[in-house]
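**Student:** Encoded as structure tokens, here's the structure I'll be asking about.
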Amino acid sequence: MKKVFVMDHPLLQHKLTLIRDKNTGTKEFKELVKEVSMLMAYEVTRDLPLEEVEIETPVCKTTAKVIAGRKLAIVPILRAGLGMVDGFLNLLPAAKVGHVGLYRDPETLEPVEYYCKLPTDVHERELIIVDPMLATGGSAKAAIRFIKERGATNIKLVCLIAAPEGIEAVHKEHAEIDIYAAAVDECLNEHAYIVPGLGDAGDRLFGTK
Ligand code: PRP
Ligand code: URA
């Protein structure tokens, strides 16, 4: 089943508005992306299984719930995805971090993988791919493909802003993937930028042009 989860928590929406604002500078942009990512991590991990353990409080023995040892990995798509990693690790400090680097071949326009380093036990882990922007979906589709080729089967995709075109493209190739977004925007413009979007996420994060 195709699933898209749009997170409409007021704190998240407030921070996303600041992120979108062109007058928000690099330092604040980076901090806000981290904060929003942390809020998203809370929701993305809602289905983590729990188990009962025995503990002793200062008052008595009891049983209480802990996360049942599900192995996680955060996988940013280079480069802008890096901006979301620390927010996730704040809530999931034991998660491993893999990296996928892609560029678009100027001739074929096909995404080409230039870097991929994942935890060796990737087939046992839930992989959370992070990238602020899901525009045409070309990068996300390719990243998911490369990760699947290395044995991963349990994959989620988390982005700040998704275009309807990107969601459709990802689900056309990877129908089972759950997509989490803080917003689904209107459309893409003629340069494949999300409208209204936030501009170029990588440039705004790293202060490049
Ligand atoms: C941005 C963004 C996504 C991609 C989305 O990265 O971070 O990876 O574009 O566009 P798509 O859905 O049309 O593929 P970009 O290619 O600008 O590279 P960067 O992260 O190095 O800035
Ligand atoms: N990549 C970005 O960084 N922004 C967009 O709007 C589309 C792709």
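The values are calculated or read from the model by the stated rules, or taken from the named source; none is laboratory data. All of these numbers come straight from a predicted model, not from anything done at the bench. Cβ atoms come from the backbone with ideal geometry, glycine included; neighbour counts cover every protein chain shown. Only protein heavy atoms, including side chains, enter the accessible area calculation; ligands, DNA and RNA are left aside. Shrake-Rupley method; radii C 1.70, N 1.55, O 1.52, S 1.80 Å.
**Student:** One residue is enough: does region 126-143 have a residue meeting the conditions without any contact (Cβ under 8 Å) to a residue 40 or more places away in the chain and away from ligand 1 (no atom under 12 Å from the Cβ)?
**Tutor:** No, there is no match, as no residue in region 126-143 is without any contact (Cβ under 8 Å) to a residue 40 or more places away in the chain and away from ligand 1 (no atom under 12 Å from the Cβ).
**Student:** Further question: Does any residue in region 144-161 that is farther than 15 Å from residue 179 by Cα and open to solvent by 10 Å² or more (accessible area, probe 1.4 Å) come within less than 7 Å, Cβ to Cβ, of a residue that is assigned to a loop (DSSP other than H, G, I, E, B) and of a type outside the set (Lys, Arg) six or more places away or on a different chain, and which pairs are these?
**Tutor:** 150/118
**Student:** Using the structure shown, decide if residue 195 is in contact with a Phe, Trp or Tyr (Cβ under 6 Å, 6 or more places away or on another chain), hydrophobic (A, V, I, L, M, F, W, C) and at pLDDT 95 or above.
**Tutor:** no
**Student:** Looking only at residues that are among the basic types (Lys, Arg) and within 22 Å of residue 38 (Cβ to Cβ) in region 64-122, which one is farthest from ligand 1 (Cβ to nearest atom)?
**Tutor:** Selected residue: 65.
**Student:** Pull out all pairs, ordered by first then second residue, where Cβ-Cβ is under 9 Å, the residues are six or more apart or on different chains, the first lies in region 190-209 and is touching a residue at least 60 places away in the same chain (Cβ under 8 Å), and the second is more than 9 Å from ligand 2 (Cβ to nearest atom) and in a strand (DSSP E or B).
**Tutor:** If the second residue must be more than 9 Å from ligand 2 (Cβ to nearest atom) and in a strand (DSSP E or B), the pairs left are 194/162; 194/187; 198/160; 201/160; 202/78.
**Student:** Any residue in region 30-42 that's free of Cβ contacts under 8 Å to residues at least 24 places away in the same chain: show its pairings with residues that are in a helix (DSSP H, G or I) and open to solvent by 10 Å² or more (accessible area, probe 1.4 Å) at Cβ separation under 7 Å, as long as the two are six or more apart or on different chains.
**Tutor:** Partner pairs satisfying both residue conditions: 32/15; 32/18.
**Student:** Does residue 186 satisfy being within 11 Å of ligand 1 (Cβ to nearest atom) and open to solvent by 10 Å² or more (accessible area, probe 1.4 Å)?
**Tutor:** Working: within 11 Å of ligand 1 (Cβ to nearest atom): no; open to solvent by 10 Å² or more (accessible area, probe 1.4 Å): yes.
Considered against the rule, which asks whether it is within 11 Å of ligand 1 (Cβ to nearest atom) and open to solvent by 10 Å² or more (accessible area, probe 1.4 Å), residue 186 comes out as no.
**Student:** Is one or more of the residues making up region 118-125 modelled with pLDDT under 95, within 16 Å of ligand 2 (Cβ to nearest atom) and not polar (S, T, N, Q)?
**Tutor:** No, region 118-125 contains no residue that is modelled with pLDDT under 95, within 16 Å of ligand 2 (Cβ to nearest atom) and not polar (S, T, N, Q).
**Student:** Filter region 189-204 for residues that are in a helix (DSSP H, G or I) and surrounded by 20 or more Cβ atoms within 10 Å (Cβ to Cβ) and give the result.
**Tutor:** 201, 204
**Student:** Related question: Collect the residues in region 110-141 that are part of a helix (DSSP H, G or I), of a type outside the set (D, E, K, R) and within 13 Å of residue 177 (Cβ to Cβ), keeping them in residue-number order.
**Tutor:** Residues of region 110-141 that are part of a helix (DSSP H, G or I), as a first pass: 122-124, 138-141.
Among the residues that remain, those that are also of a type outside the set (D, E, K, R) are: 122-123, 138-140.
Hit for region 110-141 is 140, nothing else.
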